[in-house]
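No value in this document is a laboratory result; all are computed from the given coordinates. Only a predicted model underlies this, so the values are computations on that prediction, with no experimental measurement involved. Glycine also receives a Cβ, built like all others from the backbone with ideal geometry; neighbour counts cover every protein chain displayed.
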Amino acid sequence: MQQVDMPTRHDPAPSRVKYKLHRLWLTPFYRALIRTGLPVVCVLIVVLTYLRDPAVQQKIVTSFHNARMTIEQRPEFMVQQMRIQGVSADVDKMVRDSLAVKLPISTFHLDLETMKTNVEKIEAVEAVSILIGAKGILEVGVVMRAPALIWRSQEGLVLLDAQGHKSGRLTSRLDRTDLPLITGAGVQEHTGQALAIFKKLSPVAGRVRGLKRMGERRWDVFLDRDQVLKLPEDQPIAALGRILALHRAQDILNRDITVVDIRDGRKPILRLSDPALDGLKKLRLIASGEDN
Amino acid sequence: MSYLYETQRAMRQKRQSALQRGLVAVLDVGTSKMACMVLQFDARTVNEPRLGNAALASHGAFRVIGVATTRSRGVRFGEITAMDETERAIRTVVQGAQKMANVRVDHVIACLAGADPRSYGVAGEVELENGNVTDQDIGRVLAGCDIPDYGVGRETVHAMPVNFTLDHRSGLTDPRGQIGNRLSVDMHLLTIDTQAIENLLKCVKRCDLELAGVASAAYTSGVSALVEDEQELGAACVDIGGGTTSVSVFLKKHMIYGDSVRMGGDSVTSDISKGLQMTHAAAERIKTLHGGVIATSIDDREMIEVGGETGDYDHDRRRISRAELIGVMRPRLEEILEGARMFLDASGFDHLPSQRIVLTGGTSQIPGLESLASKILGQNVRLGRPIRVQGLPQAATGPAFASAIGLAMYAAHPQDECWDFDLPIERIGGRPLKKAMRWFKDNW
């Protein structure tokens, strides 16, 4: 007899798990998680496993450095020479030392700002401009300070420019006999005054040994033969002018006087040397007729 | 009453939160077919308790975005008999609707056709406190209705205020703000078996869904199949489904009676299968393709292949005339319609101003049923198809979907029920904080 296979009725019902998964899939949050979160996580895992190998890391770092080097060392970016302009020979050496550049060098390794501040730290340098010029030349333009005074201070012999900035050292006064000498503490703010005094002293220029700042407030002028001109605190130039007028009229500075004290400002007080004082006393006795 | 009030309030809360989210599913648990629709609501439609029926014209506020149907399993006479089978069927249908809608739904409003619905008309009366009707007074009068003793194991699914009377003026739908001394209300109460609801609740919960409301299929098919003036003037909706025939009577846009006959299209099919000796599937096929209720002379000559798989040639090659088929189907359909007639008589349908009868449901598509029904139920019979709703595919617009579509409309525009109003405070009790608040409000 022929086998009759009964048609089995298929139940279309989803299983409970399938139903729940479908509902989960329809939830917007999980849907976003599965559709974007999962692929991102997978890719991240693959990439991170690859990157965890130290050899790979080494390779990446090396190739990065190589790429960087090739760009940096292109001839367009290389500095071949350095030209320093506007300096004397000894300052040129100092500038080179402070720049500390080993040529040839890539421009990527040059920090022009730092170099500039380094050079400006040199006392003799007033201003500097550093720029990378054409054909890979590092142009260093320096403006030197012009020394106007020699300052004998605790540091030794210091050169000062007209504004009072230190602009160099001297080992011996004899190296720059053309510059006037000042001494005493706190002179740097008053170099202008000092220079004016020196200018005013030009009638007796050959006799001037130097200026000394007294008590950081006024000047003493030292002449040869140990003569001292004590100037007042305010308007020292005018006071000096008065002394010089006296000198012109009565030639006092060539006489036997040790100190001209005009600190009062209006009238000078003269101090004679001891022999001169004795002589004066004698003359007075003679004049009064009491000769002994 | 208080327990019921709380559970229905909880379901109402869920329904409201679902409407706030704008997504809710409706589930029609039928005997032969299970249908699920996913509804998308416009977020602006707020769901305030309001008196009177919602206008049928405003059903455009929601849109059907997913529909699925499946053969029902484990349901007999509109009641769940095998939980696992039913659960699987609900899973199938919900998943299908979700797939079509491409959204996940969490809240389900279900309707039940069977479970022995019983109607009660109850009345309540209160004296008004301060001369005009407030929300409080309506809550009071609804709470003051004398609830009949409907027995243990029954649950109220609908408690709708149908008619308000203020002093001597009757027929008010919304008495709020009106002046009067005595307010009385007529309320229609529909109870069904608790076990049926609990089984449904359990099935729905096992599908990870939450039940946000329960309605009677008798009510929902009336909502969708009756047009507005039929509901207003009085009409009966006879929904002849697979396992049950639901009867509901509407007047003034309110259901005033609902019941169900425990017979339907499946009874016809089993009659054919028994009487003409064929398989249930073949009987269903023949009923759908060749069924009818009025035999004419040509039907004697129209022979129908029965078919069969027994292997017995004579049995498998049998042919029956269509007249024979009609002869088997007609007595059963007459019996069904007589059952409906009995309920209509019991409901006082004869006294309604208009006595329109609307046949709907899958079995109403049998040719000639209309004329048979007019002989049994009355002259004024028509076949009703559910109202069109937005987004519904053509396949789901037939009369078999009347209760599902009515359920969707009920979800969009629920009629006011007793639990939509706040009970008076002294009835709830145990809310000292609220009492204190009220005392402050009254005295400061």
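Okay, helix-only estimate at 222 nm for chain A: each DSSP H run of n ≥ 4 adds -39500 (n - 2.57), divide by all residues, round to 500 deg cm²/dmol; what do you get?
Using -39500 (n - 2.57) per qualifying helix, the result is -11500 deg cm²/dmol.
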Please quote Rg/Rh for region B:209-263 to two decimal places, taking the Kirkwood radius as Rh and restricting both calculations to Cα atoms. 1.03
For an R0 of 35 angstrom, estimate the FRET efficiency from the Cβ-Cβ distance between A:LEU283 and A:ARG263 and round to the nearest 0.05. 0.80
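If packing is taken as the average number of other Cβ atoms within 10 Å across a peptide's residues, how do B:31-39, B:61-69 rank, most packed first?
The most tightly packed comes first, giving B:31-39, B:61-69.
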FRET efficiency, 1/(1 + (r/R0)^6) with R0 35 Å, evaluated for A:SER15 and B:GLU309 via beta carbons: 0.70
Rough spin-label spacing in nm, given labels placed 7 Å along Cα→Cβ, for B:ARG71 and A:ASP90: 11.6
Rounded to the nearest 20 debye, dipole of region A:147-286 from Cβ charges on Lys, Arg, Asp, Glu: 340
Quotient of Cα Rg and 2.2 N^0.38 Å for the protein assembly as shown, N being how many residues it contains: 2.15
In Å and on Cα atoms, what radius of gyration and Dmax does chain B show? 23.5, 93
Contour minus end-to-end for A:SER129 and A:ARG271, with contour as 0.36 nm per residue of separation and end-to-end as the Cα-Cα distance? 45.6 nm
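Based on the alpha-carbon gyration tensor of region B:105-209 and its eigenvalue square roots a ≥ b ≥ c, which shape applies: rounded if a/c is under 1.5, prolate if not and a/b is larger than b/c, or oblate?
It is prolate, given that a/c is not under 1.5 and a/b is the larger ratio.
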Charge dipole (debye, nearest 20) of region A:75-144; +1 at Cβ of Lys and Arg, -1 at Cβ of Asp and Glu: 220
Highest to lowest packing among B:398-406, A:216-224, A:78-86, B:83-91, scored as the average C-beta count within 10 Å: B:398-406, B:83-91, A:216-224, A:78-86
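Listed highest first by mean packing, meaning other Cβ atoms within 10 Å per residue, what order do B:106-116, B:358-368, B:10-20 come in?
Details: B:106-116: 25.0, B:358-368: 23.5, B:10-20: 17.2.
Highest-to-lowest ranking by the protection proxy: B:106-116, B:358-368, B:10-20.
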In nm, to one decimal, how far is the modelled label at B:ILE179 from the one at A:THR114, with both set 7 Å along Cα→Cβ? 9.7
If you take each beta carbon of peptide B:200-212 and count the beta carbons of other chains within 10 angstrom, what is the mean? 1
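Any idea what diffusion coefficient region A:75-144 gets from Stokes-Einstein, in µm²/s, Kirkwood Rh on alpha carbon pairs, 20 °C, 1.002 mPa s?
The diffusion coefficient I find is 178 µm²/s.
Just from its helices, what would the mean residue ellipticity at 222 nm be for chain B, if runs of 4 or more DSSP H residues each count -39500 (n - 2.57) and the sum is divided by every residue, rounded to the nearest 500 deg cm²/dmol? Don't skip to the answer; put the middle values down first.
Values: 15 runs with 168 residues, N = 444.
After summing the helix terms and dividing by the residues of chain B, the value is -11500 deg cm²/dmol.
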Using the Cβ atoms and a cut-off under 11 Å, what net charge is assigned to the surroundings of B:MET187, where Lys and Arg are +1 and Asp and Glu are -1? -4
Please give the FRET efficiency for A:ASP97 paired with A:VAL61, using the beta carbon to beta carbon distance and R0 = 45 Å, rounded to the nearest 0.05. 0.85
Expected unfolding gain across B:GLN390-B:GLN195 under the 0.36 nm per residue rule, minus the alpha-carbon gap, is 66.7 nm
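Counting only DSSP beta bridges with both residues in chain A, what percent are antiparallel, rounded to the nearest 5?
Rounded to the nearest five, the antiparallel share is 70 percent.
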Relative contact order (%) - region A:51-152, alpha-carbon pairs under 8 angstrom, separation at least six: 30
Where only alpha carbons of region A:161-292 are counted, the Rg and the Dmax (Å): 17.5, 63
Considering only the protein assembly as shown, what is the antiparallel percent among its DSSP beta bridges, to the nearest 5? 75
Can you give the mean number of other chain Cβ atoms that lie within 10 Å of the Cβ atoms in peptide B:98-105? 3
Evaluate the charge dipole of region B:265-329 about its Cα centre and quote only its size in Debye, nearest 20, assuming +1 on the Cβ of each Lys and Arg and -1 on the Cβ of each Asp and Glu. 120
Cα convex hull of region B:287-409: how many Å³ per residue? 152
Take B:ARG301 and A:ALA205, extend 7 Å from each Cα along the Cα→Cβ direction, and tell me the distance between the two endpoints in nm. 15.7
Build a GNM of chain B with springs between Cα atoms under 10 Å: which of B:HIS280, B:HIS351, B:HIS290 gets the top mean-square fluctuation? B:HIS351
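I need the per residue convex hull volume for region B:226-344, using only the alpha carbons, in cubic angstrom as a whole number.
Working: hull volume 12.8 nm³, N = 119.
It is 107 Å³ per residue.
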Shape metrics for region B:265-329, restricted to C-alpha atoms - Rg then Dmax, Å: 11.2, 33
Shielding of A:65-72 by other chains, given as the mean Cβ count within 10 Å, works out to 0
For B:PRO161, what is the net charge nearby, where nearby means another residue's Cβ is under 9 Å from its Cβ and Lys, Arg count +1, Asp, Glu -1? -3
